[in-house]
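The values are calculated or read from the model by the stated rules, or taken from the named source; none is laboratory data. All of these numbers come straight from a predicted model, not from anything done at the bench. Reconstructed Cβ throughout: ideal geometry from the backbone, glycine too, with neighbour counts over all protein chains shown.
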Amino acid sequence: MCSIFNVISGSPTQKNSGLLDERMLLINICSYFEEFLNFQVVEINNWQRRRFSDRIIAELFNTVAEKKIALFGFAFKKDTGDTRHE
C-alpha cells in the first residue's frame with residue numbers, strides 16, 4: 001500500500017503535465033483511501049467477531065468445555081415489517 005504523502009506530492013511530470021495527470025493523481029488518492037477503508041472494515045469485522053465470542057464465553061462462566069452452543073440467525077429487512085428466521 002502506498003503512502004498518502006507519496007500520492008499527493010507526486011512526481012515532477014505529474015505536477016507539470018495537465019488534466020490527465022491531475023486525473024491520475026485523483027485516481028491514486030481515491031485508490032489509497034479505498035484500500036485504507038477496506039482494511040478498516042476488515043479490522044472492525046474481526047474485532048466484532050472477537051467481541052461476540054468473548055461475550056459468549058464470559059456469559060458461560062469463562063469456559064465452554066463440555067457445553068453445547070447453538071447459534072440462530074435472525075434477519076430483518078429495513079423499512080418493512082418483514083422478518084425471517086434462518
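Numerical summary
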item: Pairs, first without any contact (Cβ under 8 Å) to a residue 24 or more places away in the chain and surrounded by 10 or more Cβ atoms within 10 Å (Cβ to Cβ) in segment 57-68, second among the basic types (Lys, Arg) and part of a loop (DSSP other than H, G, I, E, B), C-beta under 9 Å, six or more apart; result: LEU60/LYS67
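Rundown of residues vs (1) among the β-branched types (Val, Ile, Thr); (2) at pLDDT 80 or above, yes/no style:
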| site | (1), (2) |
| --- | --- |
| ILE4 | yes, no |
| ILE8 | yes, no |
| LEU19 | no, no |
| GLU35 | no, yes |
| TRP47 | no, yes |
| ILE57 | yes, yes |
| VAL64 | yes, yes |
| ILE69 | yes, yes |
| PHE72 | no, yes |
